[in-house]
1. Could you give every pair whose Cβ atoms fall below 7 Å, whose first residue belongs to the range 1-16 and is under 16 Å from residue 33 (Cβ atoms), and whose second residue is among the hydrophobic types (A, V, I, L, M, F, W, C) and surrounded by fewer than 11 Cβ atoms within 10 Å (Cβ to Cβ), counting only separations of at least 6 or pairs across chains?
2. Anything in the range 112-128 that is surrounded by fewer than 16 Cβ atoms within 10 Å (Cβ to Cβ) and not in a loop (DSSP other than H, G, I, E, B)? List them, or say none.
3. State the number of residues belonging to the range 88-128 that are under 9 Å from the mean Cα position of the chain (by Cα) and within 14 Å of residue 237 (Cα to Cα).
4. Within the bounds of the range 90-98, is there any residue that is within 30 Å of residue 220 (Cβ to Cβ) and part of a loop (DSSP other than H, G, I, E, B)?
5. Contact list please: Cβ distance under 7 Å, first residue in the range 79-101 and closer than 14 Å to residue 121 by Cβ, second residue of a type outside the set (Val, Ile, Thr) and assigned to a helix (DSSP H, G or I), pairs at least six apart or on different chains.
6. Consider the range 129-147. How many of its residues are in a loop (DSSP other than H, G, I, E, B) and basic (Lys, Arg)?
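The values are calculated or read from the model by the stated rules, or taken from the named source; none is laboratory data. Fair warning: this is a prediction, and the values are worked out from it, not measured in the lab. Note that we place each Cβ from the backbone using ideal geometry, even for glycine, and neighbour counts take in every protein chain shown.
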Amino acid sequence: MARRFRLHANTVGAGYRQLEESSWLESRKGSGVYVCAQQPAVPSGIVLDRLVADFFRSARSINASLAEIRSSLRQWLELQPPDHFVLIEPDEQLARIIVSEMRKVVRFPVENCGPKDFVADGAVPVAMSFSVNKVRKYLSKDLDLLTLQLRSVGGSLAQYLPASRTALVGIASGWAPFLKHARTMLIASGFHPDCLVLRDVTRPGWRRGLRETAAIVCDSLTAEMAKGISRVFSFSLVAESSRRELREYEKFIQNDVDP
């Protein structure tokens, strides 16, 4: 092959090695090199590149100009419905919790970013109700913004109260307002402050002392991190009305896409 195509033998050898590493070829000692019986999955990016290349070849075959192709593509892209949610939230710890909860409600991918980093392509922008004014400053006026309501920590705890006021209770979260509001609610219900063990999960050693508590109150994301600790009470921060709205919005988009 090197002689036929006037290539260096090392170049041909490197090509064979790369095909073997990619699971296209296999070497059989004393026999030779063979194409693998089961072909590897082609990355979606490569498939997409091939489709785009085929499109441009077809467009060029009818003598379409680059300006015409670009204009047509732009129109088609603008007509495509969104395919993922993006939570725009400046508080990184809160964003991690809300994204975790959203992923349990919808099937579309869910991402998050800061207000200045939002890219509208194919995205449904989402913001917490108390962050809307900050977020709106960085969005175009004609862009719809899905707003999520925050569930009351007090309302979430109410179903478990009253409880034994002398029990040692842990409160764990990476979001400071959760720690604050849960503590306030428990104290108001009769718990002595000395009976409450607060832990910020963003700090090392946050599990220390929690195993000795009668129960742990935490957000849904922290609950996933607290495996191995008994009696963990997880509370979703997104209100049920907003969870329902997310499901309905996704269903609306899917109905718009399906024939």
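1. Partner pairs satisfying both residue conditions: 2/9.
2. Of the residues in the range 112-128, the ones surrounded by fewer than 16 Cβ atoms within 10 Å (Cβ to Cβ) are 114, 116-117, 119-122.
Of everything in the range 112-128, those that are surrounded by fewer than 16 Cβ atoms within 10 Å (Cβ to Cβ) and not in a loop (DSSP other than H, G, I, E, B) turn out to be 116, 117.
3. Summing the residues that are under 9 Å from the mean Cα position of the chain (by Cα) and within 14 Å of residue 237 (Cα to Cα) in the range 88-128 gives 5.
4. So the first thing to find is which residues in the range 90-98 are within 30 Å of residue 220 (Cβ to Cβ), and the list is 90-98.
From what is left, the residues that are part of a loop (DSSP other than H, G, I, E, B) are 90-91.
Yes, that holds for at least one residue.
5. Filtered contacts from the range 79-101: 81/256; 85/102.
6. Our first condition is that a residue be in a loop (DSSP other than H, G, I, E, B); within the range 129-147, this holds for 137-145.
Narrowing further to those that are basic (Lys, Arg): 137, 141.
Matching residues across the range 129-147 total 2.
Per-residue answers, yes or no, for (1) in contact with a Gly (Cβ under 8 Å, 6 or more places away or on another chain); (2) in the same structural domain as residue 217 (by TED's automatic domain parsing); (3) modelled with pLDDT under 90; (4) within 19 Å of residue 231 (Cα to Cα):
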| position | (1), (2), (3), (4) |
| --- | --- |
| 94 | no, no, no, no |
| 99 | no, no, no, no |
| 106 | no, no, no, no |
| 128 | no, no, no, no |
| 147 | no, no, no, no |
| 175 | no, yes, no, no |
| 190 | no, yes, yes, no |
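Okay, residues lined up against (1) out of contact with any Pro (no Cβ under 8 Å at 6 or more places or on another chain); (2) surrounded by 10 or more Cβ atoms within 10 Å (Cβ to Cβ); (3) in contact (Cβ under 8 Å) with a residue 24 or more places away in the chain; (4) closer than 23 Å to residue 121 by Cα:
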position: 25; (1), (2), (3), (4): yes, yes, no, no
position: 41; (1), (2), (3), (4): yes, no, no, no
position: 59; (1), (2), (3), (4): yes, yes, no, no
position: 69; (1), (2), (3), (4): yes, yes, no, yes
position: 72; (1), (2), (3), (4): yes, yes, no, yes
